[in-house]
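Here's the structure, in structure tokens; my notes come after.
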2 protein chains.
Amino acid sequence: MKVYIEPIGRLINEFSKLPGVGTKTAQRFAYKVVNMSEKEAKEFADAILNVKKNVHYCTICGNFSEGEVCDICKNRQDKTICVVKDPKDVVAIEKLNEFNGVYHVLHGTISPIDGIGPNDINIKGLLNRVAGGNVEEVIMATNPDVEGEATAMYISGLLKPLGINVTRLAHGIPIGTDLEYADEVSLARAFVDRKTL
Amino acid sequence: MKVYIEPIGRLINEFSKLPGVGTKTAQRFAYKVVNMSEKEAKEFADAILNVKKNVHYCTICGNFSEGEVCDICKNRQDKTICVVKDPKDVVAIEKLNEFNGVYHVLHGTISPIDGIGPNDINIKGLLNRVAGGNVEEVIMATNPDVEGEATAMYISGLLKPLGINVTRLAHGIPIGTDLEYADEVSLARAFVDRKTL
């Protein structure tokens, strides 16, 4: 005897495909949908289909976009390009309201162990943009992990000969942390990158 | 400047309606959908719509059902009825493969503080089934909380005069727990309900 009736079992199966969602959570989600009104369920399903239909990649920066070119590329001057790994990094930086240049999304970082080389991520697009001649500074905002550092170093090696100012986000101890709880790597970096007061 | 483009913002908003899902998790889910193939996204959306279209309540027991009467009510003898609060309790019990009677889903428990009285849950349906004359035992499997206990007591008061054997799931210390870690209420119940060896 199967435990779930087919439509519910099928929906639980679909929800389990989401990251970090196990059977129990998927079951809670499915019951929530069962208890939604017809209209709510339709809006939910439409939002899923709509994302597939209307989300494209910006042909300039590689970020998600509704049109061919994203709003950021359309409306901002491109003297400063911030290079990130994923579209979600753009969201994280945009939330700060601090940066008003444009982005370049690599869609990955160089990782030989996973078989991802420089040609597998969107580096060529970045070089083309820089060749346009308008760019003054490229900020490498890849993650502070091995792959992110390697990618930043690699791209920096390509851009510096072109006379571009390549910078990297500062690493160090996070604001609000007690020194004794800071991880060793960040603390070590904080020493190396110390500033004159 | 809005942080998300409209289709993604809309999907994040939909995912945030699921129980226990905040903006960060909803964002992860939305990006997962963006990276799905067209076919996968369609299957996901279809599963949601399908649940609303094909899940009904069994007219006998109140559990979820594809047809008018659920598979359990169709295929099992109804001498023993297990009374539960929610359809998900049926799933929990079915997973045991121990019980082979039928169920009755109350869709709630009596809770005066929330304004839920005996007439707001599916007690009348239970009385009708019992009046059919076939039922020998009713197992009260409502949750072991105040509302669940009150509901069990209330229904038991209605059924006993009809000569029905009304039972309640055993409470006590969970299997595998150390006595010192068992909660006091369960430990106290384990003493009261102790069995002769």
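Could you tell me which of the residues A:Ile110, A:Ile139 is surrounded by 17 or more Cβ atoms within 10 Å (Cβ to Cβ), touching a Phe, Trp or Tyr at 6+ places or on another chain (Cβ under 7 Å) and at pLDDT 90 or above?
Going through A:Ile110, A:Ile139 in turn, the sole match is A:Ile110.
Out of all the residues in segment B:74-83, which are in a strand (DSSP E or B) and free of Cβ contacts under 8 Å to residues at least 60 places away in the same chain?
B:Thr80, B:Ile81, B:Cys82
Mind listing whichever residues of segment B:94-106 are more than 8 Å from the chain's Cα centre (by Cα) and closer than 15 Å to B:Ile155 by Cβ? I'd like the intermediate steps shown before the answer.
Kept after step one, since they are more than 8 Å from the chain's Cα centre (by Cα), are these residues of segment B:94-106: B:94-104, B:106.
Those that are more than 8 Å from the chain's Cα centre (by Cα) and closer than 15 Å to B:Ile155 by Cβ: B:Tyr103, B:His104, B:Leu106.
Scan segment A:85-125 for residues that are touching a strand residue (DSSP E or B) at 6+ places or on another chain (Cβ under 8 Å), of a type outside the set (Ser, Thr, Tyr) and more than 14 Å from every other protein chain (Cβ to nearest Cβ) and jot them down.
Across segment A:85-125, the qualifying residues are A:His104, A:Leu106, A:Ile110, A:Asn122, A:Gly125.
Could you please let me know if B:Ala131 is more than 30 Å from A:Asn13 (Cβ to Cβ) and either aromatic (Phe, Trp, Tyr) or over 14 Å from the mean Cα position of the chain (by Cα) (or both)? Break it down stepwise before answering.
On the way: more than 30 Å from A:Asn13 (Cβ to Cβ): yes; either aromatic (Phe, Trp, Tyr) or over 14 Å from the mean Cα position of the chain (by Cα) (or both): yes.
The answer is yes for B:Ala131.
Taking segment B:1-34 only, how many residues are open to solvent by 20 Å² or more (accessible area, probe 1.4 Å) and among the acidic types (Asp, Glu)?
1
Among the helices (runs of 4 or more DSSP H) lying completely within segment B:84-179, list those that include at least 3 residues that are of a type in the set (S, T, N, Q) and on the phi < 0 side of the Ramachandran plot.
Answer list for segment B:84-179: none.
Which condition does B:Ser37 not pass, out of (1) among the hydroxyl-bearing types (Ser, Thr, Tyr); (2) surrounded by fewer than 19 Cβ atoms within 10 Å (Cβ to Cβ); (3) more than 30 Å from A:Lys53 (Cβ to Cβ), if it passes all the others?
Against the list (1) among the hydroxyl-bearing types (Ser, Thr, Tyr); (2) surrounded by fewer than 19 Cβ atoms within 10 Å (Cβ to Cβ); (3) more than 30 Å from A:Lys53 (Cβ to Cβ), B:Ser37 comes up short only on (3).
On the given criteria, is A:Val91 open to solvent by less than 30 Å² (accessible area, probe 1.4 Å), within 20 Å of the chain's Cα centre (by Cα) and either under 25 Å from A:Val69 (Cβ atoms) or among the acidic types (Asp, Glu) (or both)?
Against the criterion (open to solvent by less than 30 Å² (accessible area, probe 1.4 Å), within 20 Å of the chain's Cα centre (by Cα) and either under 25 Å from A:Val69 (Cβ atoms) or among the acidic types (Asp, Glu) (or both)), A:Val91 qualifies.
What is the residue count in segment A:21-30 for residues that are without any contact (Cβ under 8 Å) to a residue 12 or more places away in the chain and at the interface with another protein chain (Cβ under 7 Å from one of its Cβ atoms)?
Going through segment A:21-30 one residue at a time, the tally reaches 1.
Residues checked against (1) within 29 Å of A:Val130 (Cα to Cα); (2) touching a Pro at 6+ places or on another chain (Cβ under 8 Å); (3) not hydroxyl-bearing (Ser, Thr, Tyr):
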residue	(1), (2), (3)
A:Lys32	no, yes, yes
A:Ala45	no, no, yes
A:Lys52	no, no, yes
A:Val55	yes, yes, yes
A:Thr59	yes, no, no
A:Asn63	yes, yes, yes
A:Glu66	yes, yes, yes
A:Cys70	yes, no, yes
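With the condition kept exactly as written, say whether any residue in segment B:177-191 is polar (S, T, N, Q), more than 28 Å from B:Phe64 (Cβ to Cβ) and touching a residue at least 12 places away in the same chain (Cβ under 8 Å).
Yes - at least one qualifying residue is present in segment B:177-191.
Taking the options B:Val91, B:Val83, name whichever one is farther than 18 Å from B:Met153 by Cα and out of contact with any Lys or Arg (no Cβ under 9 Å at 6 or more places or on another chain). Please lay out each step first, then the result.
Details: B:Val83 fails: farther than 18 Å from B:Met153 by Cα.
Residue meeting the stated conditions: B:Val91.
Conditions tested, residue by residue: (1) over 18 Å from B:Gly108 (Cβ atoms); (2) open to solvent by 10 Å² or more (accessible area, probe 1.4 Å); (3) in contact with a helix residue (DSSP H, G or I) (Cβ under 9 Å, 6 or more places away or on another chain); (4) at pLDDT 90 or above.
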{"residue": "B:Glu43", "(1), (2), (3), (4)": "yes, yes, yes, yes"}
{"residue": "B:Asp46", "(1), (2), (3), (4)": "yes, yes, yes, yes"}
{"residue": "B:Asn50", "(1), (2), (3), (4)": "yes, yes, yes, yes"}
{"residue": "B:Cys58", "(1), (2), (3), (4)": "no, no, yes, yes"}
{"residue": "B:Val69", "(1), (2), (3), (4)": "yes, yes, no, yes"}
{"residue": "B:Lys74", "(1), (2), (3), (4)": "yes, yes, no, yes"}
{"residue": "B:Gln77", "(1), (2), (3), (4)": "yes, yes, no, no"}
{"residue": "B:Thr80", "(1), (2), (3), (4)": "yes, yes, no, yes"}
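Working only within segment A:10-63, note down all residues that are within 19 Å of B:Met36 (Cβ to Cβ) and in contact with a strand residue (DSSP E or B) (Cβ under 8 Å, 6 or more places away or on another chain).
A:Val55, A:His56, A:Tyr57, A:Gly62, A:Asn63
Go through segment B:58-84 and count every residue that is more than 10 Å from chain A (Cβ to nearest Cβ) and among the aromatic types (Phe, Trp, Tyr).
Selection size over segment B:58-84: 0.
So which residues in segment A:142-153 are among the aliphatic types (A, V, I, L, M) and crowded, with 21+ Cβ neighbours inside 10 Å, if there are any at all? Steps first, answer last, please.
Filtering segment A:142-153 for residues among the aliphatic types (A, V, I, L, M) gives A:146, A:150, A:152-153.
Across segment A:142-153, the qualifying residue is only A:Ala152.
Take the residues of segment B:154-167 that are touching a strand residue (DSSP E or B) at 6+ places or on another chain (Cβ under 9 Å) and farther than 22 Å from B:Asp120 by Cα: which is surrounded by the most Cβ atoms within 10 Å (Cβ to Cβ)?
B:Ile164
The values are calculated or read from the model by the stated rules, or taken from the named source; none is laboratory data. Here the structure is a predicted model, which means the values were calculated and not measured. Glycine gets a Cβ as well: all are built from the backbone with ideal geometry, and neighbour counts include every protein chain shown. These area figures cover heavy atoms from the full protein model, side chains too; ligands, DNA and RNA do not enter into them. Shrake-Rupley method; radii C 1.70, N 1.55, O 1.52, S 1.80 Å.
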